[in-house]
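K.L.:
Starting off with a structure, shown below.
The values are calculated or read from the model by the stated rules, or taken from the named source; none is laboratory data. For clarity, every value in this text was computed on a predicted model and none was experimentally measured. Quick reminder, even Gly has a Cβ in these numbers, built from the backbone with ideal geometry, and neighbours come from all protein chains shown. Protein only, heavy atoms only, side chains kept; ligands, DNA and RNA dropped before computing areas. Shrake-Rupley method; radii C 1.70, N 1.55, O 1.52, S 1.80 Å.
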Amino acid sequence: MTFLRSILFFILLIQLFFVKSNGIDEEFTEELLLKPLPDRKVLAHFHFDTKTPPTKTYGHHHRLFPKAIYQLVQKFRIREMELSFTQGRWNYERWGAFDSMSSSNAKPPGVELWAVFDVPPHQVDANWKNLTQTLSGLFCASINFLESSTAYSAPAWGFRTFSGKLRYGALPREAVCTENLTPWLKLLPCRDKAGLASILDRPSIYKGFYHSQRLRLLSNEFSLDASAEAPGIVLEQTLTVVLQPHSHDTRSIYSDGRLLHPSWSISSIFGRAVAGKCVLANLSTIYVELESGVVSALNNLNVDLETGGHGADDMGSEGSWSNPGFELSVKPERVIKEVNSSHGKSFSILYEYSVDKYGDNEPFDLGFIWKLPMAWSCLHSPFHASRFLMGSGNQRGSIAISLRSTGSSSEGFIGGGDFFGDVCKVRVDIFQVVPWYVKVYFHTLQVYVDGKPELLKDILEKMHVSPSEDKVSPGVMEMVLRFPCSVKSAAVVIDFDKGFLHIDEYPPDANQGFDIPSAVISFPDFEPRMHFLDENSSSKSPMLLKLQEKNPVISYTEVLLVPLATPDFSMPYNVITITCTVFALYFGSLLNALRRRVGEEERFFKSKAANQTRLLPRLLAKLRGKQQEPTQSTSSSSLGRKLTLKIVLVAGVAIGWHYYTDYQSS
């Protein structure tokens with residue numbers, strides 16, 4: 001036995017030596033991106049990335065990668081998966097819509113889940129149902145509601161293209177709370193005890209204007225392609241928060257009425273400073289981003305953004321970093337400048353800070369102080385998309401998707417639109433899922449361009465429709481539209497009827513209405529990305545690599561609230577009440593008549609008659625010296641007749657009620 005243990009230990013050592021010699025090992029990185037927004041708010045984006053080599057070379061036991069996620073991949077053979085919990089709605093007009101951040105991390109309210117399975121097509125639905133049950137228990141959420149076939153769909157190409165192995169589902173009304181965040185943090189090697197995750201104060205996060213936690217999973221464990229790059233499993237966890245910093249500076253208002261943006265620091269918006277890195281992290285970095293709009297505004301004031309002098313008062317070991325526009329309380333270790341910007345107007349700048357040299361004795365608390373009032377705007381998508389309901393009543397209505405040009409389209413369309421002959425056109429993809437009780441009539445589809453109706457053959461390039469089936473599957477609509485580059489506004493309208501549900505299918509708050517998940521509007525011709533020099537964009541930073549990926553511009557519309565005809569939920573209560581009352585009277589009277597004791601009743605009547613005897617007969621009897629004979633007030637025969645009459649009366653009432661109920665049912 002000892003010899004076998006020695007052999008196993010020797011084999012394990014050889015395997016570990018082979019893995020280390022080939023440079024294959026697990027990796028974990030943590031990064032934080034801070035960015036001031038035009039509406040006096042601050043965006044905080046946490047990015048955690050965990051990688052593990054393939055099982056064939058590394059084995060089944062992991063040091064950093066969470067065991068629950070690894071078992072999830074192996075059990076359900078997941079190729080790609082994304083799960084998001086979102087509270088609030090991303091403001092595309094104020095916070096931007098033409099960048100990698102909004103396209104990848106701006107999610108619809110509630111829960112959104114999509115997954116791609118590496119199994120035969122007939123096993124996809126079974127794996128999806130088991131996956132929803134597992135994720136529901138793992139993240140303490142109602143994801144198991146997506147198990148029903150009426151809650152998920154199988155997009156063909158409108159959302160993503162995965163040849164029938166993709167499933168998509170959304171729960172718009174799912175509430176997001178700390179019960180969902182805590183399991184998400186437990187997937188990190190250091191959890192929220194050390195590293196950048198330690199500043200995630202729950203009250204500070206959930207009082208923000210927008211909060212979205214996302215889990216993205218990539219795996220090629222079951223890929224048969226030998227040329228596949230970067231084999232293994234990659235777990236990407238992101239947390240995007242929009243917070244409002246509070247400034248008590250009385251000098252924030254200038255004489256010309258302009259407002260100075262509030263100054264902020266890590267401790268002021270999160271309630272604590274960063275007390276060092278996670279000891280298991282290969283990289284722990286904080287970035288401060290100035291987007292192209294604010295950079296252009298500062299350049300107009302001749303502000304040098306790449307070099308800064310030390311302030312008069314040293315703040316920290318390195319001193320402060322200051323220029324006429326703003327001041328950083330800690331000098332950045334590196335300034336990363338964007339080159340070859342995709343929009344061509346200006347560029348973004350990143351200030352990089354490493355958390356390796358900080359700890360409990362010297363926490364890292366970066367402060368951003370504005371010196372001049374600034375006004376800028378974010379980059380917008382070609383169209384601002386919104387969705388609303390038309391019509392009234394509980395019988396029918398219409399769903400309208402409005403596309404409004406953002407004003408900067410004349411320049412953006414030249415670089416992103418396609419030319420059909422001499423005509424420039426912009427491609428717009430629409431993916432929309434509607435519940436089965438909203439019966440959409442796809443033949444009523446109408447398209448309006450600048451307020452005028454257009455023929456579908458002139459606008460609609462491609463369309464895929466999956467009609468809904470009552471209590472079986474939802475309706476899915478996927479469209480590819482091409483609009484002229486000079487269009488100012490467009491609208492897509494489709495009619496629907498409101499169905500009827502069984503009383504057991506209504507939720508507890510049925511009078512509030514029923515939710516239709518957000519529609520996905522994408523612009524495949526536009527793929528914004530950030531460009532950095534090779535020496536700046538190190539391969540060790542997954543977040544910088546993510547910002548440089550090509551992603552189409554994606555916007556999520558509003559969640560629609562459809563009122564349906566609801567029954568009178570008090571009627572069953574009234575029926576139950578009157579039925580129970582009638583039965584109580586019937587059985588009560590019957591039991592009273594059958595169980596009454598005749599002897600005790602006779603004695604009761606005798607005592608009552610004796611008490612009511614007149615005074616005069618008593619006196620006469622005393623005078624005569626005779627004793628008065630008791631009178632028989634009632635007889636047993638009369639008592640029997642009364643009892644029989646009551647029984648007959650109760651039986652007649654019961655027979656009448658029986659015939660009445662039979663008549664009503666017929």
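K.L.:
Starting from residues that are in a helix (DSSP H, G or I) and among the aromatic types (Phe, Trp, Tyr), keep the ones in the stretch 181-225 and report whichever is most open to solvent (accessible area, probe 1.4 Å).
P.N.:
Step one: filter the stretch 181-225 for residues in a helix (DSSP H, G or I), giving 181-186, 196-199, 202-206.
Imposing the further condition that a residue be among the aromatic types (Phe, Trp, Tyr) reduces the set to 184, 206.
Values: Trp184: 3, Tyr206: 46 Å².
The extreme case among them is Tyr206.
K.L.:
Is it the case, given these coordinates, that Ser589 is open to solvent by 30 Å² or more (accessible area, probe 1.4 Å) and not aliphatic (A, V, I, L, M)? Before the answer, list the steps.
P.N.:
On the way: open to solvent by 30 Å² or more (accessible area, probe 1.4 Å): yes; not aliphatic (A, V, I, L, M): yes.
Judged against the criteria, Ser589 is a match.
K.L.:
Give the residues of the stretch 81-97 that are more than 18 Å from Val241 (Cβ to Cβ) and modelled with pLDDT of 95 or more, sorted by residue number.
P.N.:
Passing the criteria: Met81, Glu82.
Let's see how each residue does on (1) touching a Lys or Arg at 6+ places or on another chain (Cβ under 8 Å); (2) assigned to a helix (DSSP H, G or I); (3) modelled with pLDDT of 85 or more; (4) of a type in the set (Asp, Glu):
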site: Pro528; (1), (2), (3), (4): no, no, yes, no
site: His531; (1), (2), (3), (4): no, no, no, no
site: Ser538; (1), (2), (3), (4): no, no, no, no
site: Ala565; (1), (2), (3), (4): yes, no, yes, no
site: Val582; (1), (2), (3), (4): no, yes, yes, no
site: Ala593; (1), (2), (3), (4): yes, yes, no, no
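K.L.:
Kindly state which strands (runs of 3 or more DSSP E) lie completely within the stretch 416-487 and contain at least 1 residues that are within 34 Å of the chain's Cα centre (by Cα) and among the hydrophobic types (A, V, I, L, M, F, W, C).
P.N.:
Filter on the stretch 416-487 gives 423-434, 438-449, 460-466, 475-484.
K.L.:
Is it the case that some residue within the stretch 31-48 is touching a strand residue (DSSP E or B) at 6+ places or on another chain (Cβ under 8 Å), open to solvent by 10 Å² or more (accessible area, probe 1.4 Å) and either assigned by TED's automatic domain parsing to the domain that holds Cys177 or at pLDDT below 85 (or both)?
P.N.:
For the stretch 31-48, residues touching a strand residue (DSSP E or B) at 6+ places or on another chain (Cβ under 8 Å), open to solvent by 10 Å² or more (accessible area, probe 1.4 Å) and either assigned by TED's automatic domain parsing to the domain that holds Cys177 or at pLDDT below 85 (or both): present.
K.L.:
If you scan the stretch 123-146, which residues turn out to be part of a helix (DSSP H, G or I) and of a type in the set (A, V, I, L, M)?
P.N.:
Scanning the stretch 123-146 gives Val124, Ala126, Leu131, Leu135, Leu138, Ile143, Leu146.
K.L.:
Would the stretch 74-89 turn up any residue that is over 27 Å from Pro108 (Cα atoms) and touching a residue at least 12 places away in the same chain (Cβ under 8 Å)?
P.N.:
Yes: one or more hits.
K.L.:
Right, next: Identify, please: which residue in the stretch 635-658 is among the hydroxyl-bearing types (Ser, Thr, Tyr) and assigned to a helix (DSSP H, G or I) and is, among those, modelled with the highest pLDDT? Working first, answer last.
P.N.:
Let us first name the residues in the stretch 635-658 that are among the hydroxyl-bearing types (Ser, Thr, Tyr), namely 635-638, 644.
Remaining after also requiring assigned to a helix (DSSP H, G or I): 636-638, 644.
Values: Ser636: 51, Ser637: 56, Ser638: 58, Thr644: 74.
Across the stretch 635-658, the extreme among qualifying residues is Thr644.
K.L.:
Got a sec? Which strands (runs of 3 or more DSSP E) wholly within the stretch 324-374 have at least 2 residues that are out of contact with any Lys or Arg (no Cβ under 6 Å at 6 or more places or on another chain) and among the β-branched types (Val, Ile, Thr)?
P.N.:
Answer list for the stretch 324-374: 334-337.
K.L.:
Filter the stretch 166-180 down to residues that are open to solvent by 40 Å² or more (accessible area, probe 1.4 Å) and hydrophobic (A, V, I, L, M, F, W, C) and give me whichever is farthest from the chain's Cα centre (by Cα). Show your work before the answer.
P.N.:
Start the filter on the stretch 166-180 by keeping residues that are open to solvent by 40 Å² or more (accessible area, probe 1.4 Å), which leaves 173, 175, 177-179.
Okay, now just the ones that are also hydrophobic (A, V, I, L, M, F, W, C), so 175, 177.
Working: Ala175: 7, Cys177: 11 Å.
Going through the qualifying residues, I end up with Cys177.
K.L.:
Additional query: Can you tell me how many residues in the stretch 258-300 are of a type in the set (A, V, I, L, M, F, W, C) and at pLDDT below 90?
P.N.:
Selection size over the stretch 258-300: 6.
K.L.:
Continuing with the same structure: Within the stretch 147-180, how many residues are over 22 Å from Val119 (Cβ atoms) and part of a helix (DSSP H, G or I)?
P.N.:
Number of matching residues: 3.
K.L.:
Right, something else. If the Cβ limit is 6 Å and pairs must be 6+ apart or interchain, which residue in the stretch 346-373 that is assigned by TED's automatic domain parsing to the domain that holds Leu280 and at pLDDT 90 or above pairs with which residue that is open to solvent by 60 Å² or more (accessible area, probe 1.4 Å) and assigned to a strand (DSSP E or B)?
P.N.:
Within 6 Å, the pairs are Ile349/Lys337; Glu352/Arg334.
K.L.:
Then there's this: Say whether the condition of being over 26 Å from Glu221 (Cα atoms) and touching a His at 6+ places or on another chain (Cβ under 8 Å) is met by at least one residue in the stretch 127-140.
P.N.:
The answer is no; no qualifying residue exists.
K.L.:
Would it be correct to say that Lys546 is assigned to a loop (DSSP other than H, G, I, E, B), at pLDDT below 95, closer than 30 Å to Tyr287 by Cα and open to solvent by 20 Å² or more (accessible area, probe 1.4 Å)?
P.N.:
Answer is no for this residue.
K.L.:
Now a separate question. Are there any pairs with C-beta distances below 6 angstrom linking a residue in the stretch 437-452 that is without any contact (Cβ under 8 Å) to a residue 60 or more places away in the chain to a residue that is surrounded by 18 or more Cβ atoms within 10 Å (Cβ to Cβ) and aromatic (Phe, Trp, Tyr), with the two at least 6 apart or on different chains, and if so which?
P.N.:
Val440/Phe496
K.L.:
So Ser136 clears everything in (1) open to solvent by 20 Å² or more (accessible area, probe 1.4 Å); (2) within 20 Å of Pro109 (Cβ to Cβ) except one condition, right? Which one?
P.N.:
The single condition Ser136 does not satisfy is (1).
K.L.:
Consider Asn574 against the criteria (1) modelled with pLDDT of 80 or more; (2) surrounded by 13 or more Cβ atoms within 10 Å (Cβ to Cβ); (3) assigned to a helix (DSSP H, G or I): it satisfies all of them except one. Which criterion is unmet?
P.N.:
Among (1) modelled with pLDDT of 80 or more; (2) surrounded by 13 or more Cβ atoms within 10 Å (Cβ to Cβ); (3) assigned to a helix (DSSP H, G or I), Asn574 violates only (2).
K.L.:
Hey, could you check the stretch 49-67 for residues that are open to solvent by 40 Å² or more (accessible area, probe 1.4 Å) and either under 22 Å from the mean Cα position of the chain (by Cα) or closer than 26 Å to Val274 by Cβ (or both) and say which is modelled with the highest pLDDT?
P.N.:
Ranking the qualifying residues of the stretch 49-67, first place goes to Lys51.
K.L.:
Do we have Gly499 as in contact (Cβ under 8 Å) with a residue 40 or more places away in the chain, on the phi > 0 side of the Ramachandran plot and either open to solvent by less than 60 Å² (accessible area, probe 1.4 Å) or in the same structural domain as Val426 (by TED's automatic domain parsing) (or both) here?
P.N.:
When the stated conditions are applied, Gly499 does not pass them.
K.L.:
Between a first residue in the stretch 138-155 that is more than 11 Å from Val476 (Cα to Cα) and a second residue that is among the β-branched types (Val, Ile, Thr) and in a helix (DSSP H, G or I), which pairs have beta carbons less than 7 Å apart while being 6 or more apart in sequence or on different chains?
P.N.:
Final answer for the pair search is Ile143/Thr132; Asn144/Thr132; Leu146/Thr132; Glu147/Thr132.
K.L.:
Also, quick follow-up: Restricting to the stretch 301-323, name every residue that is assigned to a strand (DSSP E or B), modelled with pLDDT of 70 or more and surrounded by fewer than 20 Cβ atoms within 10 Å (Cβ to Cβ).
P.N.:
Within the stretch 301-323, Ser322 is the sole residue that qualifies.
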